[in-house]
């Protein structure tokens, strides 16, 4: 198993640690562990591309690890009133829609690479979560949540726009 894949597995293993810390109101410690998990996301992608270590496992597990990390923390922070509860709903909706779209595209032999807006969305989500863990729910958390919500919806729409031809025949367009 190569280093990028080990980092992806480490990120998945850090999720319950983050959740436990946040669940026991150890928000600063949760922020540190969460930030470490986010760093593994950046590092594994960088190493995989730079050293030619891209694997099928990495293509599968890396985006799932990101979703598990971000969504589980959003749900816990929503429950703890550190984030608006509507934010994880928007994120979950977008992720399910895009994953479904990717499955339809894959059935037709098309690979859907992550767009720039998806990468920006993920970074903004992670920064917002660290901020909420450290500073709690305040005006900046709300503003950041609105920005993340808009970016999340935009990046989802971008996928559908790029792949709109998949549905032209079905919709009579």
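The values are calculated or read from the model by the stated rules, or taken from the named source; none is laboratory data. Everything numeric in this text was worked out from a predicted model, so none of it was measured. Cβ coordinates were reconstructed from backbone atoms using ideal geometry, including for glycine residues, and neighbour counts include every protein chain displayed.
Figures for the structure shown
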quantity: Condition check for residue 2: surrounded by 14 or more Cβ atoms within 10 Å (Cβ to Cβ) and over 19 Å from residue 136 (Cβ atoms); calculated: yes
quantity: Residues located in the range 1-28, provided they are without any contact (Cβ under 8 Å) to a residue 12 or more places away in the chain, part of a helix (DSSP H, G or I) and closer than 16 Å to residue 74 by Cα; calculated: 16, 20
quantity: Tabulated pairs, the range 35-52, first in contact (Cβ under 8 Å) with a residue 24 or more places away in the chain, second outside any helix (DSSP H, G or I), C-beta under 6 angstrom, 6+ apart or interchain; calculated: 48/54
quantity: Residue count for the range 144-173, restricted to those that are in a helix (DSSP H, G or I) and farther than 23 Å from residue 89 by Cβ; calculated: 8
quantity: From 104, 70, residue being within 20 Å of residue 36 (Cβ to Cβ) and surrounded by 13 or more Cβ atoms within 10 Å (Cβ to Cβ); calculated: 70
quantity: Residue check, residue 82 over 16 Å from the mean Cα position of the chain (by Cα), on the phi < 0 side of the Ramachandran plot and surrounded by 19 or more Cβ atoms within 10 Å (Cβ to Cβ); calculated: yes
quantity: Residue satisfying condition, being under 22 Å from residue 14 (Cβ atoms) and at pLDDT 90 or above, within set 78, 100; calculated: 78
quantity: Residue among 130, 112 that alone is outside any helix (DSSP H, G or I) and either surrounded by 13 or more Cβ atoms within 10 Å (Cβ to Cβ) or in contact with a strand residue (DSSP E or B) (Cβ under 9 Å, 6 or more places away or on another chain) (or both); calculated: 112
quantity: Residue match in the range 45-56 (condition: within 15 Å of the chain's Cα centre (by Cα), surrounded by 15 or more Cβ atoms within 10 Å (Cβ to Cβ) and within 24 Å of residue 138 (Cβ to Cβ)); calculated: no
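Per-residue answers, yes or no, for (1) out of contact with any helix residue (DSSP H, G or I) (no Cβ under 6 Å at 6 or more places or on another chain); (2) modelled with pLDDT of 95 or more:
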| residue | (1), (2) |
| --- | --- |
| 14 | no, yes |
| 19 | no, yes |
| 35 | no, yes |
| 44 | no, no |
| 48 | no, no |
| 63 | yes, no |
